[in-house]
Amino acid sequence: MKAHRARLADIAIQAGVSEATVSRVLNGRPGVAEPTRQAVLTALDVLGYERPPRLKQHSAGLVGLIVPELDNPIFPAFAQVIESALAHHGYTPVLCTQTPGGVHEDDYTQMLLERGVAGIVFVSGLHADSSADPARYVALRRRGLPIVLVNGYIDGVDAPFVSNDDVTSMDLAVTHLVAQGHRRIGLALGPRRFVPVVRKITGFREAMHRHLGLDDVDEWVECSLFSVEGGAAAAQRLLDAGCTAVICGSDLMALGAIRAVRGRGLQVPRDVSVVGYDDSPLIAFTDPPLTTVRQSVRAMGSAAVRALLDEISGVNTPRAEYIFRPELVVRGSTGSVRPPD
C-alpha cells in the first residue's frame, strides 16, 4: 500500500494535481477535466509507469513514411519530426528507408498498401527526380490514398507538396559570400535531374547576376553526388577554376569540399570559404563549424503531417506547393576573401 501511495504521490507531483485526482484518472472515474486527465497520463509516461490497459492509446491507423538512405543526417531529422507528429495524433508510423541497390520506393509503397496504411509521406523520393514517371503517384491518388510529398515537385499530381525554398537558399549564401568580398563563387551539387538541384542552379544564377552582374557562371557549377566523396570531387574542379568560395548542395558535400581544400594544403576559411546546406544535426561541431543554409525541418515536417491528416479526415487541402523559407546560419567555415599575394 505504501508503494502504491508513493507511486500516486510521484505521479501527482509530476502532473501538478492531487493524489485523489490521479486515482480517479487511473480508475476511469468521471469528474476529471480532459486537460487534467492528459496531464496525469503524460506524467505516467514521463515517469516510466505503464498505463493501465483501459488508458493505453490505441492506434488510429498506420501511416507510411518513405525516406532516402539515412547516411545523410537530414533524413533521420525529417523522420523524427514526422514520426513524432504522427504519434502525437495517434497514428503509428511505418518507417521505410532506401539504400542504393536495396528495396525500391515502389516496392515499399506496395508493401504499405498491403498493410492498409491510411496514407504515405514521401521525403525526397522519386517525385524529386525529374526523370521519374509521375504515374505511380497519380495511381495512388486515383485509388483514394492520401499522400504528401516533401522536397520535390511533379506537375499533375493531385496532392500537397512541402518544399524548402531552394532559390532563396542560394540567394542567402551568395549574398553572404559577396559581402565577404568573394567574386569567384562555385556551386557543388548532386545530379542535375533532381528538382531541388535545378532550383538551386536557378537561384544561384539569379543571385550571381543580381549581386555581381555575372550572366555566365556555367564553369562555376559542378554536379556530382550527394556525398562526401561527391563534394570533394566537385570542389576539386571548382578550385581548379579559381573559386575562392564553394556553396554545397548538402552538408555532407560541404565536408567533402573542406577535405578537398585541405588536400591542397589550403585552409578553410582563410583560403577558401565553404557553405553547406541543411544544417544537419551535429554539423555545428565540425572543424571548422560549418556555415550552412538551414532547412525548416520541424515546420516542414509538421506541415506535411497536418496536410496528410486533413486528407485522411476528408478535408481537402489546397493542391499547391507549400514553400518554407530557409535561414543562413553563419559559423566558422566562411570568411573574408584573401587578398592575392
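Key figures for this structure:
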| item | result |
| --- | --- |
| Members of the stretch 170-196 found to be surrounded by 21 or more Cβ atoms within 10 Å (Cβ to Cβ) and under 15 Å from Trp220 (Cα atoms), listed by number | Met170, Ala173, Val174, Leu177, His182, Ile185, Gly186, Leu187, Ala188, Leu189, Gly190 |
| Per-region count, the stretch 110-131, residues hydrophobic (A, V, I, L, M, F, W, C) and not in a helix (DSSP H, G or I) | 6 |
| Test: residue in the stretch 111-124 that is among the polar types (S, T, N, Q) and surrounded by 19 or more Cβ atoms within 10 Å (Cβ to Cβ) | yes |
| Residue check, Arg259 at pLDDT 95 or above and over 29 Å from the mean Cα position of the chain (by Cα) | no |
| Positions within the stretch 165-176 being touching a helix residue (DSSP H, G or I) at 6+ places or on another chain (Cβ under 9 Å) and of a type outside the set (Val, Ile, Thr), in sequence order | Asp165, Asp166, Ser169, Met170, Asp171, Leu172, Ala173 |
| Positions within the stretch 280-305 being charged (D, E, K, R) and in contact (Cβ under 8 Å) with a residue 60 or more places away in the chain, in sequence order | Arg298 |
| Filtered residue count, the stretch 222-242, keeping only those that are assigned to a helix (DSSP H, G or I) and of a type outside the set (A, V, I, L, M) | 6 |
| Residue within the stretch 257-267 that is in contact with a strand residue (DSSP E or B) (Cβ under 6 Å, 6 or more places away or on another chain), assigned by TED's automatic domain parsing to the domain that holds Phe194 and crowded, with 16+ Cβ neighbours inside 10 Å present | yes |
| Residue within the stretch 50-67 that is part of a helix (DSSP H, G or I), surrounded by 13 or more Cβ atoms within 10 Å (Cβ to Cβ) and at pLDDT below 80 present | yes |
| Condition met for Pro76 (buried (at least 16 other Cβ atoms within 10 Å of the Cβ) and either in contact (Cβ under 8 Å) with a residue 24 or more places away in the chain or assigned to a helix (DSSP H, G or I) (or both)) | yes |
| Criterion: over 17 Å from Phe75 (Cα atoms) and not in a loop (DSSP other than H, G, I, E, B) - qualifying residue of Leu145, Leu140, Leu149 | Leu140 |
| Hey, Ala39 surrounded by 14 or more Cβ atoms within 10 Å (Cβ to Cβ), in contact with a helix residue (DSSP H, G or I) (Cβ under 6 Å, 6 or more places away or on another chain), part of a helix (DSSP H, G or I) and at pLDDT 90 or above or not | no |
| Count of residues meeting criterion [in contact with a Cys (Cβ under 6 Å, 6 or more places away or on another chain) and closer than 13 Å to Leu309 by Cα] in the stretch 79-123 | 0 |
| Within the stretch 80-116, tally of residues that are free of Cβ contacts under 8 Å to residues at least 12 places away in the same chain, within 17 Å of Ala139 (Cβ to Cβ) and under 21 Å from the mean Cα position of the chain (by Cα) | 1 |
| Scope the stretch 256-293; condition under 22 Å from Pro73 (Cα atoms) and either out of contact with any helix residue (DSSP H, G or I) (no Cβ under 9 Å at 6 or more places or on another chain) or in a helix (DSSP H, G or I) (or both); matching residues | Gly256, Ala257, Ile258, Arg259, Ala260, Leu282, Ile283, Ala284, Phe285 |
| Flag for Ile11 being outside the structural domain of Ile312 (by TED's automatic domain parsing), part of a helix (DSSP H, G or I) and among the β-branched types (Val, Ile, Thr) | yes |
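The values are calculated or read from the model by the stated rules, or taken from the named source; none is laboratory data. In this text the structure is predicted, and so the values were computed from the model without any measurement. Heads up, the Cβs are rebuilt from the backbone with ideal geometry, glycines too, and the neighbour counts pull from every protein chain shown.
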